[in-house]
Every structure is written in C-alpha cells, then in structure tokens.
Amino acid sequence: MITKFIKRILRRDPMVRHTAAHTSGAPKRIPKKSHRIDPHLLSKNAVKVTQTLQKAGYEAFIVGGAVRDLALGISPKDFDVATNATPEQVQKLFRKARLIGRRFQIVHVTFFGKGQPEIIEVSTFRALLENAGEHVAENGRILRDNVWGSQHEDAARRDFSINAMYYDPATETVLDYHGGMADMQKQVLRMIGDPAKRYREDPIRMLRAIRFAAKTGFKLDVATSAPIAKLGKLIHDVPAARLFDEILKLLMSGYSWAAIQGLKDAGLHHGVLPLLDQILDSKETSKEAHDFVRIALANTDQRIQSGKSVSAGFLFATLLWPDLLRNWKKNLAKGISNIPALHDAMDETIASQSNGMVIQRRFESDMREIWSMQPRFEKRVGRYPYRLIESPRFRAGYDFMLLRCATGEQNPAIGEWWTSFIASDPAGQEALMASAKTEGGNQGSSISPAKRRRRRKPKAAAPPEGASS
Ligand code: ATP
Ligand code: MG
C-alpha cells in the first residue's frame, strides 16, 4: 500500500516536489490534483465538524495523522480537527461535545451511528511557547499548553513535517507548512524545528519517531535521529501513565516488531519496559523466548493490520510469558506443586515489571486470567473441558494456547483437540473426551507434572483466578 503511494506521488505535480525545507511563512497550498486524497476515505462526521465550524464563521481543518494517512492512501483510524474557535465556542455548536484535558484542552464531539460511536477530537490552534517561561519545567519539558495562537504557530508546534498538514474537505486543499508532502515523497520523517530542543520539550517525541518510522517505513532524517542517542534517557522523566499509553500505541500499531527493533537500534528500550530489555538483550534471552515473542508480535501485527481487535492484556500476557515460564519452572524445581508454582510465578513476573513502566491494573487481571487458564487446557477429563469453555475469558485463553502451539512450546495436538472440541456437537465432544482418555487426557504440558515433588501447605494455596486485580 505504502510503496504504491510512493510510486504514485513521485509521478505528481512538480510543484509539490520542490517544497523541501519550506519552513516558514505562508503554507504551500496543494490542490487535489497533486495530493490526490480520496474523499471516500474521509470520516463523514469529521467533515460534518469542519462544515459546522466553517458555517459559524471559523476556520476548520482535518489535521495531523489523519492527513498523513489520507495522503498515504490509508484509511485513518481516527480524525482530529483543528480550528481557530476556542473550546467553549466549539462546544456550543455541537449537541454531544465535551471539554476534556488540562495540559491540552480539547473538545470531544461524539457521533452515534451504527456500531461504535465516533469521537472527533477538536483542538484550538495553539501558540508556540518560546517565551512562556512559566509553562516550561527546568529541563525544558512543557507542562501546560493552552495558549491559543495562529494556524502558523499551531503547525510549528506539531512534531513531524508529515504530521503538520491541514486538509480542508470543502476545497479539497492541503495546507502544508513544513514541507510534509516533499518529505513524504522522500520517505523521510523530519522533526519540525530544532530536534534536540523538541525532544527536551517532550521526550515522548523520540518514541513517536520510532513508531512512525516503523509504520510508514520512512527513514528518520539525520538531524532528527542524531540527538536521540544522547537524549534517550529523558524518557524516564515522562509520567508513567503517559509512557504506558505511548508504548501501548507502539505495540498496537500493527508494526510492533519493526518498532521494537527500531527502539533497540536507537537504544531507547532500556528501562522503558523491563520485558523489552529481557527480550532484546540476547545474552539474557533464550532463543525459544525470543522466537515466542517474535511470533506473538507478528501474529498481533497481522491481526491489527487485518482490522481485528487485540486486547492489551493479551499482548502483555504474551510478552511476559517467557519470563513467567522461567519463574514457573524455577518454582517447580523448588518443589512447589504445579498450580501454586504458576500463581507464585505470576506474582514474581508482574512484580519484576514494576520498576519500569507500570503495567496498569486493568490489564494485569486479564493477564492473570489468560495465564492461569493455561494448565487447564491440559485437563481433558471429567467435566473440566466443559467448565473451561464456560469461562468468560475462554476465547483469549484459547487463542493464547494456540499461540503456544504455533511456537512449539505447547503440544500442537492439544490445540487441535480443543479446536475440534469447540466446533463439535455434544456427541462429538464425548467422542473427543474418549479419545483424550486413551491418550492420557491430563498431559501435554511443557511443565511436566512429574517434576512436582511435594504439595504445598494449604495456607500457601494459590489465589483464585484473576483475584489479585
Ligand atoms: P496516530 O493517531 O496514527 O497514532 P497521529 O499523528 O494522529 O498518529 P496523535 O497522537 O493522534 O498522532 O496526534 C495527532 C497530531 O497531534 C499529530 O499528528 C501531531 O501533529 C500532533 N502531536 C501529537 N503528539 C505530539 C507531540 N508529542 N508533540 C508534538 N505534536 C504532537
Ligand atoms: Mg491520531
């Protein structure tokens, strides 16, 4: 898709090609015949928002990542609108509009239709904070950012040139302030302004650089990538919740494996997420663990690229599984019996992540459920499979088990058995139960029950599933 776009754009109007380093003053106006954005890829609701604002006498444009994706011929996953109306003025024009945020005050305009409601984020043009001393922390990080400004200023405070284009659906014109189209043709990600200063203002921009490079396949401009080696450590100053959101975006981008390699190449993975250290530093990671994570992420990327959903809990459960297996085996070797050994291992694995990015509680309970279900797939006797299939999170546990089969860490015959079991009628299920019995329906784990040496005292019994969230 992206290669097709590049070929297409290279054949375009030469006017667009000569806009590199167009960094100040009036924007380049790019007409439809040059940008060739397909209006069918636009969200009708986003167009409604720009129309309503324009009718009320304001300026309004689709902006940011949506314009970038439209120009790439990709359907944007969400739409942002920028306007010269203040948040209060915006709110008055729409029935379902909510003011949100403190650092970035924006308006969420919600539209209800078939399926999920659509939220269009509307933000007011913001001023550059060059001289706004009181808004900037000592290390240069921007703390508050609610000073309204001109469209020109709004463009200058965006991150990359390809993220600073404004599209007016009424005239089908793109306003390009920083040579974004030219950079797209050159397949370059270029930070607007002085990159080092922009990273100091907001270190998250370093992670965004890596994410967009992975997504677009574009190269980082030399000046954009150069300061990262020195400034990477500033990421630790970012509040944990924001860092978590950005890492989650990166993992859910549909290009997670490429992005993780990018983080590694840029030296940015250290201490962001301890599990990334474990996965990426080959000295500490076995080949099996590395392969498991690689296959799991490729699977996640494929799901996301084909429009399927992936839960964050599932994703973190896969990333931490090699560590969990290691702890589980270690506990078994100490003589703890199978299930308590697993639950202790879950606590240890989760605790080991807490000195880096905090994995939020809501995902922790999903992870625990998925993990604690795993030994239950091996119990194919009595009522066990019938009960397991009734678990509310069965599907996630089953998908996870199939992933383990795909990576060879679980016996693929067990995966096949369950796939048939789910699809069968009651008679078929009974036949499968009988066949499991002849195979010895309680086996198949890589963690062999034979390794258990003694039972734990009842006091130290395992917590119930998902109990710790
Ligand atoms: P996607 O939504 O595909 O992840 P996006 O570019 O739309 O990518 P958002 O986080 O939705 O990213 O932000 C919308 C726009 O806001 C960006 O395109 C960029 O212009 C601006 N922006 C977002 N975060 C920053 C930042 N940290 N620094 C400067 N500009 C930013
Ligand atoms: Mg966006």
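The values are calculated or read from the model by the stated rules, or taken from the named source; none is laboratory data. All figures in this text were calculated on a predicted structure; none of them were measured in a lab. Note that each Cβ is placed from the backbone with ideal geometry, even for glycine, and that neighbours are counted across all protein chains shown. Note: areas computed on protein heavy atoms with side chains; ligands, DNA, RNA excluded. Shrake-Rupley method; radii C 1.70, N 1.55, O 1.52, S 1.80 Å.
How large is the accessible surface of residue 166 in square angstrom, using a 1.4 angstrom probe and rounding to the nearest 10?
Counting only protein heavy atoms, the figure is 0 Å².
Please work out the Cα center distance from the stretch 210-263 to the stretch 178-208, rounded to the nearest Å.
Cα centres, the stretch 210-263 to the stretch 178-208: 12 Å.
At a 1.4 Å probe radius, carbon and sulfur cover how many percent of the accessible area of the stretch 293-439?
53
Work out, in µm²/s and without decimals, the Stokes-Einstein translational diffusion coefficient of the stretch 74-126 at 4 °C, 1.567 mPa s, Rh from Kirkwood over C-alpha pairs.
So the translational diffusion coefficient is about 111 µm²/s.
Rolling a 1.4 angstrom probe over the protein chains, ignoring ligands and nucleic acids, what is the accessible area of residue 43 in square angstrom, nearest 10?
So the heavy atoms of residue 43 present about 10 Å² to solvent.
Which of 28/186; 28/92; 77/186; 33/186; 48/77; 230/264 have a Cα-Cα distance over 22 Å?
28/92; 77/186
Ordering 439, 246, 88 from largest to smallest accessible area (1.4 angstrom probe), what's the sequence?
From most accessible down to least: 439, 88, 246.
On a full-extension model of 0.36 nm per residue, what is the gain between residue 88 and residue 242, subtracting their alpha-carbon distance, rounded to one decimal in nm?
52.8 nm
Kirkwood-based Rg over Rh for the stretch 293-439 (C-alpha set), two decimals?
Result for the stretch 293-439 is an Rg/Rh of 0.98.
Using a probe radius of 1.4 Å on heavy atoms only, what accessible surface per residue do you get for the stretch 293-439? Whole Å² is fine.
43
Full-extension gain between residue 171 and residue 118, please, as 0.36 nm times their residue separation minus the C-alpha to C-alpha distance.
Gain in length upon complete extension: 16.7 nm.
Net charge around residue 46, counting only other residues with Cβ within less than 13 Å of its Cβ (Lys, Arg = +1; Asp, Glu = -1)?
With Lys, Arg at +1 and Asp, Glu at -1, the net is -3.
Roughly how much of residue 172 is accessible, in Å² to the nearest 10, using a 1.4 Å probe?
Near enough 50 Å² of accessible area.
By a straight-distance test (C-alpha under 20 Å), which aspartates and glutamates pair with residue 330 as possible cross-link partners, with residues fewer than eight away in the same chain excluded?
The reachable aspartates and glutamates, counting only those whose Cα sits under 20 Å from residue 330, are 284, 288, 344, 347, 348, 409.
Starting from the amide H of residue 173, placed 1.01 Å from N in the peptide plane, find each other amide H under 5 Å away whose residue is 5 or more places distant or on another chain.
The list, which skips near neighbours in sequence, is 168.
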